[in-house]
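Shown next, in structure tokens, is the structure this report addresses.
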Amino acid sequence: MNSIQKNRFKDRLFMYWGMFATLIGLVLLVVFIGDILIDGLGRIDWSFITNLPSRKPDKSGIYTALIGSIWILILTAFIVIPVGVAAGLYLEEYSKKNWLSGVLEINISNLAGVPSIIYGLLGLEVFVRIMNLGASVLAGSLTLSLLILPIIIVATREAIKAVPKSIQDASYALGASKWHTIWYQILPAAGGGILTGVILALSRAVGETAPLIVVGALAYVPFAPENPMDEFSVLPIQIFNWISRPQHGFIENAAAAIIILLLITFIMNGIAVYFRNKWQKKWK
Amino acid sequence: MRKIKEYLIEKLLFSSVLITVGVTLGIIAVLGFEAFRFFNEVSIVEFFTDTQWTPLFTDKHYGILPLLSGTLLTSFIAIAVALPLGLSIGIYLSEYAPKKFRKTIKPLLELLAAVPTVVYGFFALIVVTPFLQGFIPNLSSFNSLSAGIVMGIMIIPFISSLSEDALHAVPYALREASYGMGATKLQTAFKVVVPAASSGIIVSIILAISRAIGETMIVAIAAGQQPRFTLDPTVPVETITAYIVQVSLGDVQHGSVEYRTIFAAGITLFVFTFLLNTYSYSIRKKYQQRYE
Amino acid sequence: MEITMEKIADKKTVVHQTNEVNQASKIEVKDVNVWYGDFQAIKGINMNIKPNTVTAFIGPSGCGKSTFLRLFNRMNDYIDTHRMEGKIKINGNNIYKKKVNVEELRKEIGMVFQKPNPFPKSIFENVAYGLKIQGIKDKKFIIERVEKALKQADLWEEVKDNLKKSALALSGGQQQRLCIARTLAVEPSIILMDEPTSALDPISTSKIENLIFELKKKYTIIIVTHNMQQASRISDYTAFFYIGELIEFGKTKKIFTNPEHKRTENYITGRVG
């Protein structure tokens, strides 16, 4: 083999390795999910959804955790969407390029990289202790809101950036004020992109475990929360709790609850991708 | 009237931005305050040199080293898995794969990072560890090896997606020049494209490391809760994050030294990730300027 | 020995050429068609190019001349939707045969691009690149080749004390000569140039034109250009393309003074852009 043939051989070899590497992660994911389906699918029935947690695995259900997760999801959305979108709007449309905007940008980029458990420590001190909210749904939602705030800000900025400048110019040329232009032109035009970011961020919030454990969310709650000040559990914590029990029945429960959690996560991701594709087409 | 309204709206929006600054200051204040009180009772020298971490036992030791070694060990294993795979995927997708394939596979790969970490913890404990025990008979049920491997799979998309973006941003003209001289795609990738995209690739790796260090549930579930100053991947260890979870689940008295240990551990973690994130941000800024 | 191509009305292309030319051809093109998806970019082109000549490809933007040029070193292979029919023989061998090793082919056929595209490496590393990817490790040999190539590209005197400096620090004109040196270092026999001076100032352009004149002694050169004066100054033969077709091909002097085809004349005199 001369050197050119050798190089071609290496080239082919890398190509196959690259294909393998690309597929191996996905294959493992499929294997994992398949394993979970085998372990947990048989356990899912209506009573599993509607039963309260119990000391007996086959009597246990995810009702309180599921309702807790839905509470957290809705409350977090209410808190974080206005704040995140407003901050993104300000940074993209109002902020001037100076040292302050530089600091704000580094800060947001850094926040996006802070481990989620640190947000838990922040929430524990500020919301649970200082604001005296206790280990409530509200305290949990506020904590997760801070956690996903940077994601929503970044998504909002990206979406606004993608809106053609001509739309703004047209609005200004007609004598519209800045806010009028943003509210009636830019936000609707960027809406699809923002929505994508919001759904992805919320799907991350639904899957979060660690910060809520630190805030004090419980593994065992005998009833579902009825108002924001109630104590709560969420699906991931319920799963974590079941995984750490020795009886095999609970492993089955964990697998079954994981199926429900994955279903929620994948549906949310699917919706996000759907909106992104629909929205991106609009500008092409 | 209109002017006042516009002014108020701008200030309102600005206050939302200020919340982000408040979050950072809040984190620093909370961690700093509680850690400061912790170090009033525990010497900082002991914290960084003692090789035992037993705040919850009667014989109390406050050495962060075992937690740190647990964190670094699991992260190292994760990166050892994710770096070669992620980088190969990035190069394959950017240099070899047809456009259509790339467009379908990228969102699918990103799904790996969207799976809740508690689910990965389940995989590590229930699937991967028993599987590995078939090859390594003395592997404990809790160990850093399977936790690290699974964490590595989770962070693959961090490296593959971001490095693919960086590789893709390298001007096609450079590839043409290289192909035009008789270079294969592989030679072009490693001699021209990867070096030209190196800053972006480094950013992706740093972010992946930072993510691995801060990851909680996988290690809390699968690596164990025994602080141990070791580099042996087959035995149970405890990471900083897993320790915080462990204390949070128990009933430790608020205001006690035990309670403050989670903030001392937390600030150690925060400083690490903060440095990594800031470093990656500065590289990213430099690199953006170069291409603009 | 003149090669003429005529386009008769809207019908088939007819080629007039003598046998004598055919034997001496460095490059022979036979019935070449190219598609990008459904779009036909090159329509039934035939052409012969003699060794040690400079051939200029001219024509309005989008006429297919760059696409055509890139067929000679198979640079279009990487475009997903690209499809090619016909034969291109270089030194008598069809380069579109299945067994052809494109890497080997491109060693033989160098290419210089529209915009200078030096690698973000040192000047030395840029010129040595082609040798290193061939697996040549002999340092002394590489140093000699680099020096020789830089001298041939008329860049040696300007950079000989700064070979370690980044190529990106050079001026645009110097960068383009560096790219030429990079190509020369692997000692090809054909050099393809795709509008090599379009991004350069007049002084750098004239330096490169002089260089092409020198290089012609050893190499066969094909140059795509938008600049009529440039084509008339440096080329021996000129080919005029229009919407994927070769309208006229012949001695540069003839094309520029007495073109056979009306379209060629219109283009050369600037009536069609």
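Points worth noting:
- The selection criterion, being buried (at least 21 other Cβ atoms within 10 Å of the Cβ) and either within 22 Å of the chain's Cα centre (by Cα) or not assigned by TED's automatic domain parsing to the domain that holds A:Trp183 (or both), does not hold for A:Ser60.
- Selection count, the stretch B:102-133, where residues are more than 8 Å from chain A (Cβ to nearest Cβ) and either within 18 Å of B:Val235 (Cα to Cα) or touching a Phe, Trp or Tyr at 6+ places or on another chain (Cβ under 6 Å) (or both): 7
- Screening the stretch A:1-100 for helices (runs of 4 or more DSSP H) wholly inside it with 1 or more residues that are within 11 Å of chain B (Cβ to nearest Cβ) returns the ranges A:3-40, A:63-89.
- Among (1) of a type in the set (Val, Ile, Thr); (2) surrounded by 16 or more Cβ atoms within 10 Å (Cβ to Cβ); (3) farther than 30 Å from A:Ala86 by Cα; (4) within 14 Å of another protein chain (Cβ to nearest Cβ), the one test that B:Ile64 misses: (4)
- Residue in the stretch B:80-101 that is under 21 Å from A:Ala210 (Cα atoms) and either surrounded by fewer than 20 Cβ atoms within 10 Å (Cβ to Cβ) or of a type in the set (Asp, Glu) (or both) present: no
- Residue count for the stretch C:162-195, restricted to those that are assigned to a helix (DSSP H, G or I) and either among the acidic types (Asp, Glu) or touching a strand residue (DSSP E or B) at 6+ places or on another chain (Cβ under 8 Å) (or both): 6
- Unique match (being farther than 30 Å from C:Ile208 by Cα and either within 13 Å of chain B (Cβ to nearest Cβ) or of a type outside the set (S, T, N, Q) (or both)) among C:Lys26, C:Lys30: C:Lys30
So that you can scan it fast, the table gives a plain yes or no per residue for (1) at pLDDT below 95; (2) in a loop (DSSP other than H, G, I, E, B); (3) more than 11 Å from every other protein chain (Cβ to nearest Cβ):
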{"position": "B:Leu186", "(1), (2), (3)": "no, no, no"}
{"position": "B:Pro195", "(1), (2), (3)": "yes, no, no"}
{"position": "B:Gly200", "(1), (2), (3)": "yes, no, yes"}
{"position": "B:Ile209", "(1), (2), (3)": "no, no, no"}
{"position": "B:Ile213", "(1), (2), (3)": "no, no, no"}
{"position": "B:Ile218", "(1), (2), (3)": "no, no, no"}
{"position": "B:Gln225", "(1), (2), (3)": "yes, yes, no"}
{"position": "B:Arg228", "(1), (2), (3)": "yes, yes, yes"}
{"position": "B:Val237", "(1), (2), (3)": "no, yes, yes"}
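- Output for the stretch C:88-129, where each listed residue is within 7 Å of chain B (Cβ to nearest Cβ), among the hydrophobic types (A, V, I, L, M, F, W, C) and farther than 16 Å from C:Arg74 by Cβ: C:Phe119
- Residue count for the stretch A:30-50, restricted to those that are in contact (Cβ under 8 Å) with a residue 12 or more places away in the chain, more than 13 Å from A:Ile251 (Cβ to Cβ) and not aliphatic (A, V, I, L, M): 3
- Members of the stretch C:22-52 found to be out of contact with any strand residue (DSSP E or B) (no Cβ under 6 Å at 6 or more places or on another chain) and of a type in the set (Val, Ile, Thr), listed by number: none
- Residue selection: A:Ile167 satisfies the criterion of being surrounded by fewer than 17 Cβ atoms within 10 Å (Cβ to Cβ), among the β-branched types (Val, Ile, Thr) and more than 11 Å from every other protein chain (Cβ to nearest Cβ).
- Of the strands (runs of 3 or more DSSP E) lying entirely inside the stretch C:196-273, those containing at least 1 residues that are under 15 Å from the mean Cα position of the chain (by Cα) and closer than 23 Å to C:Gly62 by Cα span C:220-224, C:237-242.
- Yes/no for B:Glu34 being part of a helix (DSSP H, G or I) and touching a strand residue (DSSP E or B) at 6+ places or on another chain (Cβ under 9 Å): no
- Within the stretch A:205-226, the residues that satisfy the criterion of being surrounded by fewer than 24 Cβ atoms within 10 Å (Cβ to Cβ) and either closer than 15 Å to A:Leu122 by Cα or among the hydrophobic types (A, V, I, L, M, F, W, C) (or both) are A:Val206, A:Gly216, A:Leu218, A:Ala219, A:Val221, A:Phe223, A:Ala224.
- Within the stretch A:52-88, the set of residues being more than 17 Å from A:Ile243 (Cα to Cα) and of a type in the set (Val, Ile, Thr) comprises A:Thr64, A:Ile67, A:Ile70, A:Ile72, A:Ile74, A:Thr76, A:Ile79, A:Val80, A:Ile81, A:Val83, A:Val85.
- Residue satisfying all of: in the stretch C:54-90; surrounded by fewer than 17 Cβ atoms within 10 Å (Cβ to Cβ) and touching a Lys or Arg at 6+ places or on another chain (Cβ under 7 Å); nearest to C:Thr269 (Cα to Cα) among these: C:Lys87
- If only residues of the stretch B:248-266 that are more than 9 Å from every other protein chain (Cβ to nearest Cβ) and of a type in the set (A, V, I, L, M, F, W, C) are counted, the one that is surrounded by the most Cβ atoms within 10 Å (Cβ to Cβ) is B:Ala265.
- Residue satisfying all of: in the stretch B:1-32; of a type in the set (A, V, I, L, M, F, W, C) and more than 8 Å from chain A (Cβ to nearest Cβ); nearest to A:Glu105 (Cα to Cα) among these: B:Leu18
- Members of the stretch B:168-178 that are part of a helix (DSSP H, G or I) and within 12 Å of another protein chain (Cβ to nearest Cβ): B:Tyr172, B:Ala173, B:Leu174, B:Arg175, B:Glu176, B:Ala177, B:Ser178
- Lone qualifier among B:Val118, B:Val127 - being within 29 Å of B:Gln226 (Cβ to Cβ), surrounded by fewer than 23 Cβ atoms within 10 Å (Cβ to Cβ) and in the same structural domain as B:Ser256 (by TED's automatic domain parsing): B:Val127
- Pairs, first touching a residue at least 40 places away in the same chain (Cβ under 8 Å) and among the hydroxyl-bearing types (Ser, Thr, Tyr) in the stretch A:265-282, second surrounded by 14 or more Cβ atoms within 10 Å (Cβ to Cβ) and not in a helix (DSSP H, G or I), C-beta under 9 Å, six or more apart: A:Thr265/B:Val115; A:Thr265/B:Pro116
- Tally of residues being over 21 Å from B:Asn277 (Cα atoms) and either assigned to a helix (DSSP H, G or I) or more than 11 Å from chain B (Cβ to nearest Cβ) (or both) across the stretch A:112-142: 19
- The lone criterion from (1) within 12 Å of chain A (Cβ to nearest Cβ); (2) not in a loop (DSSP other than H, G, I, E, B) left unmet by B:Ser141 is number (2).
- For the stretch B:37-58, the tally of residues that are over 20 Å from B:Gln225 (Cα atoms) and either within 14 Å of chain A (Cβ to nearest Cβ) or part of a loop (DSSP other than H, G, I, E, B) (or both) stands at 4.
The values are calculated or read from the model by the stated rules, or taken from the named source; none is laboratory data. Owing to the predicted nature of the structure, the values given are computational and were not obtained by experimental measurement. Don't worry about glycine lacking a Cβ; one is built from the backbone with ideal geometry, like all the others, and counts go over all protein chains shown.
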